[in-house]
Amino acid sequence: MRLVCIGKAGVDLYRTLSDSETSRHILRFYHPKETPWGVVLEVATVSSGLALASELRWYIMRYMTEVLFEDTEHAVYLTRDLAREVYETRSAALIDGWNISFSVIIMEDGSSARVPDGVPIPDGVVQRFRVWGLAHEHP
């Protein structure tokens, strides 16, 4: 499982996290991998990803637009709220064809947006993530 952290436009997220002693301390065992749009962190389980996201909450609010959990079994990404719902309540069973999905796109200028399924993806997209979420998160 991977935690995908998407930085705000104009923010070098890898550098920002590397420059902070606090985030370096939090991430010391995760070995962040730099991407053009943010940072990817390998985590063992959903619970460890949720714990890490909790530890990084100040950085998430200030420097990130999205934090996604990669679900390799279904080849999709989960929102933090859906990952929390699955972990805490065990009431959400992830099945192929999850009914609440959308795309998170990253544009050439570094901005990101949520795009509902069925809406054409605009030109200039450099990265697209297929995301499953909860009803209140749907764009």
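Please give the charge dipole size of the chain, origin at the Cα centre, charges +1 on K and R Cβ atoms and -1 on D and E Cβ atoms. Round to the nearest 20 debye.
In debye, rounded to 20, the chain gives about 300.
Starting from segment 30-132, pick out the GluC sites (Glu not before Pro) whose DSSP state is loop and whose Cβ has at most 16 other Cβ atoms within 10 Å.
Glu73, Glu108
Once a ≥ b ≥ c are taken as the square roots of the eigenvalues of the Cα gyration tensor of segment 14-90, is the result rounded (a/c under 1.5), prolate (a/b larger than b/c) or oblate (a/b not larger than b/c)? Write down the numbers at each step before the final one.
Numbers: a/c = 1.81, a/b = 1.59, b/c = 1.13.
It is prolate, given that a/c is not under 1.5 and a/b is the larger ratio.
Among Val4, Ile26, Gly49, whose Cα sits farthest toward the positive end of the charge dipole of the chain (+1 at Cβ of Lys/Arg, -1 at Cβ of Asp/Glu, about the Cα centre)?
Ile26
Can you pull out the trypsin sites (Lys or Arg not before Pro) in segment 17-107 that DSSP calls coil and that have at most 15 other Cβ atoms within 10 Å? Numbers along the way, then the final one.
Working: sites: Arg24, Arg28, Lys33, Arg57, Arg62, Arg80, Arg84, Arg90; in loops: Arg28, Arg90.
Those satisfying the criteria are Arg28, Arg90.
Report the percentage of all Cα-Cα pairs in the chain whose separation exceeds 24 Å, rounded to a whole percent. Don't jump to the answer; show the numbers that get you there.
Working: 2696 of 9591 pairs.
Within the chain, distances greater than 24 Å cover 28 percent of Cα pairs.
Keeping the other protein chains in place, figure out the carbon and sulfur percent of the accessible area of the chain, with a 1.4 Å probe. Don't skip to the answer; put the middle values down first.
Details: 3780 of 7690 Å².
Answer for the chain is 49 percent, counting heavy atoms of protein chains only.
The values are calculated or read from the model by the stated rules, or taken from the named source; none is laboratory data. This structure is a prediction, so every number in the text was calculated from the model and none was measured. Counting neighbours? That spans all protein chains shown, and the Cβs are built from the backbone with ideal geometry, glycine included. Surface areas here come from the heavy atoms of the whole protein model, side chains and all, with no ligands, DNA or RNA. Shrake-Rupley method; radii C 1.70, N 1.55, O 1.52, S 1.80 Å.
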